[in-house]
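Throughout, read-outs are computed from the coordinates displayed, never taken from laboratory work. Worth saying up front: this structure is predicted, and the values here are computed from it rather than measured. We place every Cβ from the backbone using ideal geometry, glycine too, and count neighbours over all the protein chains shown.
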Amino acid sequence: MADHDAHGEHVQHTEHVVPISTYVGVFLVLLVGTALTTGVAYIDLGRWNTVVALIIAVTKMLFVVLFFMHVKYNPGLTRIVIVGAFFWLGIMICFSMADELTRSWEYNPLPWNSSIILPYIQHFLF
Amino acid sequence: MSETALHHANPTGFAHQFEDLEQQHEAGRLGMWIFLATEILFFGGMFTAYTIYRALHLPAFVIGSHLLEVQFGATNTVVLICSSLTMALAIRAAQTGKEKSTIIMWLVLTMILGATFLGLKLRFEWYHDYVEHIVPGFGFVYRPEWGSLAPSVQMFMCFYFFMTGLHALHMVVGLGILAVLVGMAGKGKFTSQYYVPLEISGLYWHFVDIVWIFLFPLLYLIGGRYASGGH
Amino acid sequence: MIFDVSIDATINAAVNGTMTTNLAQHGWAGLQTLAAMFPLQPPVASSIAGDIDRLYYLLTVITLFFTALIFSIIFYFMVKYRRRSNDDRPPDIHGSLVLELAWTIIPSLICVVIFVWSSSLYIRAYHPPANAAEVFVIGKQWMWHLQHTEGPREINALHVPVGVPVKLTMTSQDVIHGFYVPAFRVKKDVLPGRYTSFWFEATEAGTYHLFCTEFCGTSHTEMIGWVYAMPPREYAEWLANNENDEPMAQQGERIFNHYTCNYCHVPDGSGRGPSLVGIFGKPEKLSNGQSPVVDEDLIRRALMEPNSVPVEGFAPIMPTFKGQFTEEQILQLIAYVKSLGSQERANAK
Amino acid sequence: MSTATIDLHEAPAESSTNYLNATYGMKSWLLTLDHKRIGMLYLGTITLMFLVGGIAAVLMRLNLLEPQGALVEPDTYNKLFSIHGILMVFFFLVPSIPATLGNFLIPLMIGARDVAFPRLNLMSWYVFITGCAFVLYAVMAGGVDTGWTFYPPFSSSYSHSHVVAAALGIFIAGFSSILTGLNFIVTIHKMRAPGMTWFRLPLFIWAMYATSLIFVLGTPVIAVTLLLLGAERLLHVGIFDPAIGGDPLLFQHLFWFYSHPAVYIMILPGMGVISELITAFSRKKIFGYSFVAFSSLAIAIISFVVWGHHMFVTGQSIYAGLVFSVLSFVVAIPSAVKVFNWTATLYKGSISYEAPMLYALGFIGLFTMGGLTGLFLASLATDIHLNSTYFIVAHFHYVMVGGAVMAFLGGIHYWWPKITGRMYPDLWARFAAFVIFIGFNLTFFPQFMLGYLGMPRRYGIYPEEFQVLNVMSSAGASILAVGYVIPLVYFFWSWNYGPPAGPNPWGATGLEWETASPPPTENFEHTPIVTEEPYNYPTAEVASE
């Protein structure tokens, strides 16, 4: 590593001034999103209601994060922090769900349990 | 929460431990983003519990969701989105070196919108819920039409109050930060060179907005409204 | 059995110096004394205990080997490369990719072997064979309440036959408890509001400790008891001597009729509720599209929160029975529903 | 690569004013923004908490001398082990190395004047002592008897002790962890001196960075979990109570989502300290720098997906158990990599045996034992038998006490001259290290045997056949207690009367040794410029020139 690498992320930060038109545009997108998500709730889409609602929510969040929170104009580190946080949230939800939703699963013998491999290991070791 | 902001409310605007103002800004911004990451996990604990119970008790959660009034949830969403816009404009005003009165105007507008959100929530939602005996722990009454799902309906209401309550608490803290910012702006602290406190407080405010963007469909719109057709 | 040796006697022996004399004069006897003072394992009394011990000893060997390896290398380096003068100049060593890979891959392989072996034992421990005898357990602060399918009740004691697989279905009346029999190498937490289970097959007759292993309050340490593993004949005698209680299924049927469950759940399916005959262990179609397998937990849920298990083709009119049954009565009802299945099978034959 | 030499005994001009004597008075300490003083404030606080937790441990071991309980009522015993666990885990081990040595050393090691947010740093200490106050209140008001794990429904509905105050204390102290972690991450990212690239960072910094990640990502979850628990207990409604369809296992999931990584909060900084000690006392580069550095990050990340191994017998799904088991084995690998690299670092070194090095070697041995016995618990079948027995107690004490506390003591001994500018009697220190090593093994090795014999943990009364091993363990504990008191005594002596240490008594590399002892308030007279890798000790090639 060479010396000039120090302050590696300390890139010259040009303060980006977002035009008002962009802000207003994002604002309008958010309003439309809210109207859409409320409206869709009155249409029966079965389980897709939830999916659509979440897609709209994520889209709205992306607009807020990218423009209102200036992430579009920020260095990569900020994005790593955000993605990291959601990744960790994903870990928590997925692994907890993995337990809660598989508790009542029927037992299905796995191939390596069906006394094919095990005797060999035990025989080999003892 | 407000600590990062307050820390930077240093009168000189520049803290001795940094090499230059640029480094200080970067540090402040990164600090706030990391704080928001912890906030994501903080709310995340509740979202995890919510997701699991929703999967296990969906019918009861639908009943519970239909106890909430969509129009207030939607109105509050719009109010918060407006406040995010005014917050962004306050920062922009500082960035572009506008008069301090302009900055203060946008900040005060943001505060008014935030207060409106809390007012609506308290007066038209929580108070009503209290009157209708659907606040868990405060005279919650099982309704006969819920049948044996009543305990799970109560659980949904627990989630509703924990999550919106925690969100409202963050709003209150946000209002406090905004008040400090208004004071700082009044003293002419913010220039086009130095507005980091504004910027990172803005990040916090937008974050609180995002939490609501998720809470609204997850709490108010479970299972759709087509069955009961709203209220 | 090693546990039969009196500890006091051994300590006295050790104090009097007889142990050391023994070691010198009669090595084997001395070792036995030592083994009595420091037994390494509880009695091996179930079909899975020996297997778990073997895995345990393998892990012990691995642990000792690597600890000894690290310690001896460190000691060797400490002596060989001790600082001789302040002007020592060690060579410039950065690392070695080969070594790094070696000590990443070799432990990984060891871990894979242990994982596969261990997991298969684990699955075995928690999947009872179909012919297992059933005992139902209720944990409450601070006692164990057990009932055999045949009817006898026990408190803080469990009589089981040797050579017969026994399945325990457990629940708690208050907080979380843990059911642990060291001699069988089995343990499972006992939770309120749902059923957990495990099984074992005793292989040695004897009297073994039963512990509560999930902290449950003031008298947690007194929530202990004994497991009596008996030869089948003695066990049959014990059952015969304790037939004050009728079988659990009959008790369940009595409750079933007393609460007029039989008005709706008519065996031929013509009632207002679904027939319960033969449903246990089979998937049941619900009106929300799911078809969960009927197990203990589902029956419990159907009693407590019937609206959450709406059976297809029936109106959701069943009232909740929350708070109306004791945990014991629910278990008896479950035993009754289970027996309905086997009766049908018996009739078919 | 590196041809630069360091004159090991070159001393910068002695600065007469340093961070200790720059200002005087209570107020100058209580309002200080200096990271070094804040580190000292933490050191005092956690030492106090360690003493209280230690007294609880001593009483427990005394009680266990006799099967029927030699000393206290069962209820009191339950409160003793609960308070021992709560204090030691949340109020000693979690903040131990990060908040004291981390606070003191991170800016020094990266060549900065202070951490990024000094006021936040001071605030974190006030938050921490507020948490301490709540927990100590819970102790004095009658104690708490749920164990440090707070499992509902016992903690939410059945316990009659001061659960809410204790949980609130942990909740508050959690924010101190979050603030500290946040501060460290920003400091390490943004405050490095010119030339201090990521791969020139001392390994202690890498370890602290990994630890901070866990602080920031894990602690909020325990905070919200305890909040829910408190609400459930106070309002009698909630989401963990099975009576209304809640799942008590969900609490365990959320609790261990933080509390398993928290184990790595305790051990990772220790590993960082050991990397510093091993290199300094063998005057050699670390073997496989990048492997040691990245294994810290790997541990921090994988530690978040293994929590279910605490729940193999608690009614968790078998399928989840399989996944968590295999991931638990995976997390063992980076730890093994570290141990092997430390050992290889000794090869052809110039090894000396001052007290810190004895602690470091003790750490490697005990951590190896602790880590390997973890395999017994990651392995599903053996965990059925060993879960909730003394085997677990022994295992985590080998990691947390044999590992984290040994490293903490080693680090304190190593940097004490830097912190105070004074030496301590090395002979006494070596003696203490020896006593602690012996006492520790005598205390906790018998507990492995007790565990396999089937003695459950949290038992104040136990069957007679377990007495011999328990008496051995208690005897060891008394030796261990003496071992802990000795350093306390000579450190107090050294603080006042110790001979001056000079800037670099060990001849070690690293920016912290290039400034005066104790360092001036601003750490360095001029911002240092880094031109070489860490641990760049003179090598044979240099000597031949």
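Okay, here's what the table says:
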{"quantity": "Local electrostatic count, B:ILE52, Cβ distance below 13 Å [Lys/Arg +1, Asp/Glu -1]", "calculated": "-1"}
{"quantity": "Cα-based Rg of the range B:142-200 normalised by 2.2 N^0.38 Å, two decimals", "calculated": "2.04"}
{"quantity": "Other protein chain Cβ atoms within 10 Å, averaged over every residue that makes up D:191-203", "calculated": "4"}
{"quantity": "Using alpha carbons only: equivalent-ellipsoid semi-axes of chain C, gyration tensor based, whole Å", "calculated": "53, 30, 18"}
{"quantity": "Computed helical MRE - 222 nm, chain C, DSSP H runs ≥ 4 contributing -39500 (n - 2.57), nearest 500", "calculated": "-13500 deg cm²/dmol"}
{"quantity": "Highest-first arrangement of D:140-150, D:219-229, where packing means the average Cβ count within 10 Å", "calculated": "D:219-229, D:140-150"}
{"quantity": "At least 18 Å along the helix axis (C-alpha) and Kyte average at least -1.0, DSSP helices within chain B", "calculated": "B:21-56, B:70-95, B:100-120, B:150-186, B:196-215"}
{"quantity": "Volume per residue of the C-alpha convex hull in the protein assembly as shown, rounded to whole Å³", "calculated": "184"}
{"quantity": "Cα gyration tensor of the range C:140-199 - equivalent ellipsoid semi-axes, whole Å, descending", "calculated": "19, 14, 11"}
{"quantity": "Burial ordering of B:GLU39, D:GLU464, fewest other beta-carbon atoms within 10 Å first", "calculated": "D:GLU464, B:GLU39"}
{"quantity": "Low-density loop cleavage sites - chymotrypsin sites (Phe, Trp or Tyr not before Pro) in the range A:44-110, where at most 12 other Cβ are within 10 Å (DSSP)", "calculated": "A:TRP105, A:TYR107"}
{"quantity": "Cα lying deepest toward the dipole's positive end in the protein assembly as shown, options C:SER219, B:ALA88, B:LEU68, charges on Cβ", "calculated": "B:ALA88"}
{"quantity": "Dimensions (Å) - the range C:248-348, Cα atoms, principal axes, largest first", "calculated": "37, 33, 23"}
{"quantity": "When each of C:LYS80/D:LYS338; B:LYS187/D:LYS27; B:LYS121/D:LYS79; A:LYS72/D:LYS285; C:LYS140/D:LYS79; D:LYS36/D:LYS79 is checked by Cα-Cα distance, pairs over 31 Å", "calculated": "B:LYS121/D:LYS79; A:LYS72/D:LYS285; D:LYS36/D:LYS79"}
{"quantity": "Per-residue mean of C-beta atoms belonging to partner chains within 10 Å, peptide C:189-201", "calculated": "4"}
{"quantity": "Label-reachable residues, the range D:78-94, where backbone N falls under 19 Å from a point 7 Å from D:ILE55's Cα toward its Cβ", "calculated": "D:78-93"}
{"quantity": "Inter-part distance where the range C:311-343 and the range D:47-78 are each reduced to a Cα centre, Å", "calculated": "47"}
{"quantity": "Pairwise label distance in nanometres, B:VAL141 with C:SER72, each label 7 Å out on the Cα-Cβ vector", "calculated": "7.9"}
{"quantity": "Normalised convex hull volume, the range D:22-168, alpha-carbon set, Å³ per residue", "calculated": "133"}
{"quantity": "Where labels lie 7 Å past Cα in the beta-carbon direction, separation of A:LEU101 and C:LEU99 in nm", "calculated": "4.7"}
{"quantity": "Loop sites in the range D:395-482: trypsin sites (Lys or Arg not before Pro), DSSP, at most 13 other Cβ within 10 Å", "calculated": "none"}
{"quantity": "Proximal charge balance of C:LEU168 [Cβ under 13 Å; K/R count +1, D/E count -1]", "calculated": "-2"}
{"quantity": "Formal net charge of residues neighbouring C:GLU246 (Cβ-Cβ distance under 14 Å; K, R +1; D, E -1)", "calculated": "-3"}
{"quantity": "Over 47 Å [Cα-Cα, chain D], rounded percent", "calculated": "10"}
{"quantity": "Cα-based shape type of the range D:337-379, given that a ≥ b ≥ c are square roots of the gyration tensor eigenvalues and the cut on a/c is 1.5", "calculated": "oblate"}
{"quantity": "For chain C, the longest site-free run once GluC sites (Glu not before Pro) in DSSP loop states with at most 16 other Cβ atoms within 10 Å are removed", "calculated": "C:1-203"}
{"quantity": "Cβ-derived FRET efficiency at R0 60 Å, C:LYS322 paired with B:LEU118, nearest 0.05", "calculated": "0.95"}
{"quantity": "Pairwise label distance in nanometres, B:SER101 with A:ARG79, each label 7 Å out on the Cα-Cβ vector", "calculated": "4.2"}
{"quantity": "Translational diffusion of chain B, µm² s⁻¹ [Kirkwood Rh, Cα pairs; Stokes-Einstein; 20 °C; 1.002 mPa s]", "calculated": "111"}
{"quantity": "Protection proxy ranking of D:151-162, B:20-31 - average other beta-carbon atoms within 10 Å, highest first", "calculated": "D:151-162, B:20-31"}
{"quantity": "Value of Rg to Rh for the range D:345-459 (Rh from inverse mean 1/r over Cα pairs, i.e. Kirkwood)", "calculated": "1.09"}
{"quantity": "Bins of 5 Å, starting at 0 and running to the largest distance - Cα pair percent for the range C:133-241", "calculated": "3, 13, 24, 28, 17, 10, 4, 0"}
{"quantity": "Averaged over A:51-59, number of beta-carbon atoms from partner chains that fall within 10 Å", "calculated": "3"}
